[in-house]
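**Q** Just dropping this structure here.
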Amino acid sequence: MSKKEIPFGFIEGDDIYLNPWGSHPKRKIGEIKEGNEQSSLAYFEEKFKDLSAKVDSLEKDINEAENKGSFLMKLKHLKDSLPAHDGLGDYLPIEEKLVQLEDDLKSLIAQNRVRNKEIKEAMILEAREIEKIINWQESTEKIHDIKTRWIKTGNAPDDVNESLDEDFWDIISRFFERKKSFYEDKKRLMQKRKESYVSLVEEARKIKELHGKERFEKINELKEKWNETGNIPKEEYVELKKEFDMYMKKKSFSPPPQIDLIKLLENLKKFYNREASYHPRDLDFQRKNLIRFKTQHPELKRLRKEAFWFFQLISERDFIEKLAGNRFPDFRQLDEDKKQSIKVGILKELLSRDKEDFAKFEENQANFSAGNREMQQLVDKKINQQKNKIQVKEALLKHLTGV
C-alpha cells in the first residue's frame, strides 16, 4: 500500500494519519472523501487552526480575568483533549503552552488560597466580636454581611479549609441559636408581664370595696407594682392601662400630704452636696408629694419653689452620672478628677445643645403672628421650659467646677 508524506502526517491508501508527537503515537484521524485529497486535508488543517485559535482565546481570557483560577478546569479539559483531537498541525507547542498555563494557574491558586486563609482567619475573629454585640439588630446586620463576604471568599489550602469552614459556621449557628433563644425568652417574659398587668387590673377592680386609708395605701401599692412591671407590646398595654386607670380613678381618695418644707429643703441640700445618701425612688416619691402640696402662704410658696429647684439639680446630676457610666464602662473605677472631667464635658455638651434648641424656639416665636394666640402660648411655654433647663445645667456646671 502506497504511503504519501504530508505536513504533520501521511496518507496511506485513503486513510489520513497524524505523525507521532510528544509521547503520543501516530494516529488515524480521517479519510480522503470522494477522492478529493486537497479538500480533505484542508478540513483537518482548518480543525487544527480552530484549536489553536481556541487556545489563544483562552490564554487571552485568563490574562484579562480577575478570577483567573476559574479557568483551570476549562484549561485542563482542553489540554486532556489534545491526544484525541483530529487535526493536522504541530500539537507539541500547544500542549507546552497549556501545561505552562496550567502550572501558572495552580501557582496563582496556591497563593490565593494562602491569602484566603488569612482573610478567613480574620473574618472568624470578626465574627466572634460580632457575637458580643448586645444590640440584636446591629449584630444581625453584621452577621449577614460577614456571611456574604465569607461565601464570596475562595477556598483556603486543603489542609485547613474544612476546619476554617467549621469554625466560622459554628459561630454563625451559635449566633442564630442565641438570637432565637433570646426572642423566645423575651416572648415568655412579655407573656408573664401581660399576666401581671391582667392580675393588677383584677386587683384594681376590687378597690371599690376599700375605704379611707386602706384604699389610699392599696392604690399606691398597685401603682408602684404597675410601674415596675415592665414593657409589653403597646397595643396590649394601652387597653390594659385604660381599664386599670378607670378603676384607680373611681371614687379615689388621696388626702393632701403634710410636708415640712424646711426639713425637706435641708435634706435636699444635703443630698445635693453629697452629705447624705438617698434612693432615687424615695426622692421621686417626695417630689410627687411636693407637687400635690398646695399653699397660698408666700413664704411656703417660696420654700416649695426652692425645693423644686433642688429636685431638678439632683435629677440632672444623676442623669449626667448615668450617662457617663453608659459612655465609659469603667467610670466607677476612675479617680475623682477624671470622673469630674467626664461629667463636666458631658454637661457642657448638653448645655450647648439646649442653647441651640433655645435659639430655634426663639426663632419660631418670631415666625408666629400675634393673632395665633394658641400657638404663641405653646411656643412661649417651650421657651420657658428650655430656659429653665439651661439655668439648671448652668447652676450644676458652676457647682461642679466651682467657677
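**Q** Hey, among LYS179, LYS263, LYS249, LYS241, which residue is over 30 Å from ASN116 (Cα atoms), basic (Lys, Arg) and under 42 Å from the mean Cα position of the chain (by Cα)?
**A** The match here is LYS241.
**Q** Next question. Among residues belonging to the stretch 288-298 that are modelled with pLDDT under 90 and part of a helix (DSSP H, G or I), point out the one that is least open to solvent (accessible area, probe 1.4 Å).
**A** Going through the qualifying residues, I end up with LEU290.
**Q** On to the next question. So which of PHE216, PHE176 ends up being of a type outside the set (Val, Ile, Thr) and at pLDDT below 90?
**A** Among PHE216, PHE176, only PHE216 is of a type outside the set (Val, Ile, Thr) and at pLDDT below 90.
**Q** Within the stretch 267-286, how many residues turn out to be under 21 Å from LYS223 (Cα atoms) and open to solvent by less than 80 Å² (accessible area, probe 1.4 Å)?
**A** 3
**Q** Ok, one more. Please specify each residue of the stretch 214-246 satisfying the condition of being open to solvent by 70 Å² or more (accessible area, probe 1.4 Å), without any contact (Cβ under 8 Å) to a residue 24 or more places away in the chain and closer than 24 Å to LYS187 by Cα.
**A** GLU224, ASN227, GLU228, LYS234, GLU235, GLU239, LYS242
**Q** Among the residues of the stretch 314-343, which ones are within 31 Å of the chain's Cα centre (by Cα), open to solvent by less than 30 Å² (accessible area, probe 1.4 Å) and hydrophobic (A, V, I, L, M, F, W, C)?
**A** Answer for the stretch 314-343, where residues must be within 31 Å of the chain's Cα centre (by Cα), open to solvent by less than 30 Å² (accessible area, probe 1.4 Å) and hydrophobic (A, V, I, L, M, F, W, C): ILE320, ALA324, PHE331, ILE342.
**Q** Out of the stretch 113-128, which residues are small (Gly, Ala, Ser) and closer than 15 Å to LYS152 by Cα?
**A** ALA122 - this is the single residue of the stretch 113-128 that is small (Gly, Ala, Ser) and closer than 15 Å to LYS152 by Cα.
**Q** Further question on the same structure: Could we say that ILE16 is touching a Ser or Thr at 6+ places or on another chain (Cβ under 9 Å) and either open to solvent by less than 70 Å² (accessible area, probe 1.4 Å) or hydroxyl-bearing (Ser, Thr, Tyr) (or both) here?
**A** yes
**Q** Looking at (1) at pLDDT below 90; (2) on the phi < 0 side of the Ramachandran plot; (3) outside any helix (DSSP H, G or I), find the lone condition where GLU243 falls short.
**A** The number of the failed condition is (3).
**Q** Which residue pairs have Cβ atoms closer than 8 Å, lie 6 or more positions apart in sequence or on different chains, and pair a first residue in the stretch 379-403 that is closer than 17 Å to ILE346 by Cβ with a second residue that is basic (Lys, Arg)?
**A** ILE390/LYS355; LEU396/ARG317; LEU397/LYS348; LEU400/LYS343
**Q** Might you check whether a residue that is more than 23 Å from LYS3 (Cβ to Cβ) and of a type in the set (Gly, Ala, Ser) occurs anywhere in the stretch 84-100?
**A** Looking for residues that are more than 23 Å from LYS3 (Cβ to Cβ) and of a type in the set (Gly, Ala, Ser), one finds at least one in the stretch 84-100, hence yes.
**Q** I've got another one for you. If you scan the stretch 19-58, which residues turn out to be of a type in the set (A, V, I, L, M) and either part of a helix (DSSP H, G or I) or exposed (fewer than 15 other Cβ atoms within 10 Å of the Cβ) (or both)?
**A** Within the stretch 19-58, LEU41, ALA42, LEU51, ALA53, VAL55, LEU58 meet the criteria.
**Q** Which one of these is out of contact with any helix residue (DSSP H, G or I) (no Cβ under 6 Å at 6 or more places or on another chain) and at pLDDT 95 or above: ASP50, ASP61, ASP14?
**A** Testing whether each residue is out of contact with any helix residue (DSSP H, G or I) (no Cβ under 6 Å at 6 or more places or on another chain) and at pLDDT 95 or above leaves just ASP50.
The values are calculated or read from the model by the stated rules, or taken from the named source; none is laboratory data. Because the structure is predicted, anything quoted here is derived from the model rather than measured. Ideal geometry is used to build each Cβ from the backbone, glycine not excepted, and the neighbour counts take in all protein chains shown. Areas reflect the complete protein model, heavy atoms only, side chains present, ligands, DNA and RNA absent. Shrake-Rupley method; radii C 1.70, N 1.55, O 1.52, S 1.80 Å.
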